Amino acid sequence: MRYALFLGCTAPVRTRNYELATRKILESFSLDIIDLNFICCGYPVEPANEEAAFLMAARNLALAEKNGTDILTICNACFGNLSKANYLLKDDDSLRDSTNSKIGELGLHFSGRVRVRHLIEVLRCDIGLESIKNKVSHPLKGIRIAAYYGCHYLKPSIYMDHNENPENPISLDSLIEVTKAESIPFEGSRKCCGGALLGIEQDLALAMSKEVLEGIKKSTPDAIVTICPFCGIMFDICQGEIEERYGRKYSIPVLYLPQMIGLSIGMDSKELGLQMNRVSLDEFLAKIGSSTLGVPQ
Amino acid sequence: MAENKRVIDVDNLDQGLVKELSEERRESRGFLTCIQCGTCVSSCPVTYIDPEFNPRRIVRMASLGMRDELVSKGVIWLCSTCNTCVERCPQDAMKGFFSSIRNIATQGGYLHPTFEKILEILEEHGRIYEIDEFLNLERSEMGLPEIREDASDMKKIFEIAEVDELLLEKRSREI
């Protein structure tokens, strides 16, 4: 299967480390990836205009269909909005017809041939746990990882093209275990990071992230692993600010899933964009015995 | 705690709001089936931090038709869209609710400034972050491919969904 990489708006600008590690990982597993001329998935528009949000998603789905690919996204918000549109368009004939008459003006047509996949599912199901396991050359033994799934990869589950249980998901845990690290339980694992509120009510958003970080800290993790650029922004990029605001010290490194997998299969830190991770990874890398990051880029 | 007492002005209830949410909008059709059980509140990560945001109360207010109280105040914009209430609601009443009520507020002239900004950027760039030469240079130094902005489809979609008119209206009001 060929996939169109759907980066969304945030990852290619603010979390390029996530994008880079994704590309390197997919390349190393010889996945057939192309870049298409996608626009915003529509998620940020939904509160103001549901129709526009829906048409943006439909437009992107139809563009993938035109190119004969599935969609592979690395952002939970994109995954959520594209999955929802895909579900509704496949489910409702009259909605599909009326939508097609609108996106027809863009030279596009939706007939329902595209699947919307999240990187995590492509890694777990398409590439497969066995193939990854066979490539693990630098097992992350003794490393304690807090698996943070975020929200829109899981909920509302009715729209999602996966078999994940939204209250008790397993895919991230199983990918952590493949690297020989330990996925640790922590308080508040299903709580939202607040990322969607960062531009609306910053105080509230940061308080929500603080809540999650407190729960994670209690479980003495070596790192958080996440699958969403917004969660990454909140926990990695904003961690210092949260510490300052609340007079707390967390110092919990945050890795994106492909960065963790990359380390376990022996990729070097530059290939994985680790120099862009905000919370210091020095201690973490020393613990896994990887080359240190100390070299300035 | 007099300031916490909420008086419902029965002369100012608007059944039109109930109709809009339950009949005219595809996604929020189910909201009237709410049984006020509170699963949403006990699941809500926002309520946990700020009890002023109370989805059960907001749904009840909407079902009574309290349009003015809802659309003119900031509280409906505090939902973080985590969808936990949508997932857990035993009545399936929460699906699309916050998105619909925000759309109704927007149409009534209460477009939140954050979303106004987002719409303006999208209209021009097709993405919520502009891609400029400097960014592409940084990307190429990391070995990432160039991204070219193309907002032409975005503009057409905004015309079809009348987002362009929404923005024009907003601008004309501000002048």
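The values are calculated or read from the model by the stated rules, or taken from the named source; none is laboratory data. Remember, predicted model here, so these are calculated numbers, not experimental data. Please note: Cβ atoms are built from the backbone with ideal geometry, for glycine as well, and neighbour counts cover all protein chains shown. What goes into the accessible areas is simple: the full protein's heavy atoms, side chains included, and nothing from ligands, DNA or RNA. Shrake-Rupley method; radii C 1.70, N 1.55, O 1.52, S 1.80 Å.
Brief remarks on what is shown
- The set of residues from the stretch A:35-44 being of a type outside the set (G, A, S) and either more than 7 Å from chain B (Cβ to nearest Cβ) or within 16 Å of B:I76 (Cβ to Cβ) (or both) comprises A:L36, A:F38, A:C41, A:Y43.
- Candidates are the residues of the stretch A:204-221 that are hydroxyl-bearing (S, T, Y) and more than 20 Å from the chain's Cα centre (by Cα); the one that is least open to solvent (accessible area, probe 1.4 Å) is A:S219.
- Helices (runs of 4 or more DSSP H) (entirely within the stretch A:161-253) containing at least 3 residues that are out of contact with any helix residue (DSSP H, G or I) (no Cβ under 8 Å at 6 or more places or on another chain) and modelled with pLDDT of 95 or more: A:202-218, A:239-246
- Elements of the type strands (runs of 3 or more DSSP E) sitting completely within the stretch A:33-152 and holding at least 1 residues that are more than 20 Å from A:C9 (Cβ to Cβ): these cover A:70-73, A:144-148.
- The stretch A:10-34, residues that are at the interface with chain B (Cβ under 10 Å from one of its Cβ atoms), in contact with a Lys or Arg (Cβ under 9 Å, 6 or more places away or on another chain) and open to solvent by 10 Å² or more (accessible area, probe 1.4 Å): A:V13, A:R16
- Residue match in the stretch B:106-119 (condition: touching a helix residue (DSSP H, G or I) at 6+ places or on another chain (Cβ under 7 Å), assigned to a loop (DSSP other than H, G, I, E, B) and within 9 Å of chain A (Cβ to nearest Cβ)): yes
- Count of the stretch A:244-267 residues which are over 21 Å from the mean Cα position of the chain (by Cα) and within 13 Å of A:D222 (Cβ to Cβ): 2
- Selection of the stretch A:162-203 for residues being open to solvent by less than 60 Å² (accessible area, probe 1.4 Å) and of a type in the set (D, E) yields A:E164, A:D173.
- Residue within the stretch B:19-38 that is among the acidic types (D, E), closer than 29 Å to A:A205 by Cβ and without any contact (Cβ under 8 Å) to a residue 40 or more places away in the chain present: no
- Index of the failed condition, B:T81 passing every other in (1) buried (at least 16 other Cβ atoms within 10 Å of the Cβ); (2) in contact with a helix residue (DSSP H, G or I) (Cβ under 9 Å, 6 or more places away or on another chain); (3) in a helix (DSSP H, G or I): (3)
Residues are listed down the side, and each one gets a yes or a no for (1) surrounded by fewer than 17 Cβ atoms within 10 Å (Cβ to Cβ); (2) hydroxyl-bearing (S, T, Y); (3) under 20 Å from the mean Cα position of the chain (by Cα):
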site	(1), (2), (3)
B:G96	no, no, yes
B:F115	no, no, yes
B:E133	yes, no, no
B:S140	yes, yes, no
B:D153	no, no, no
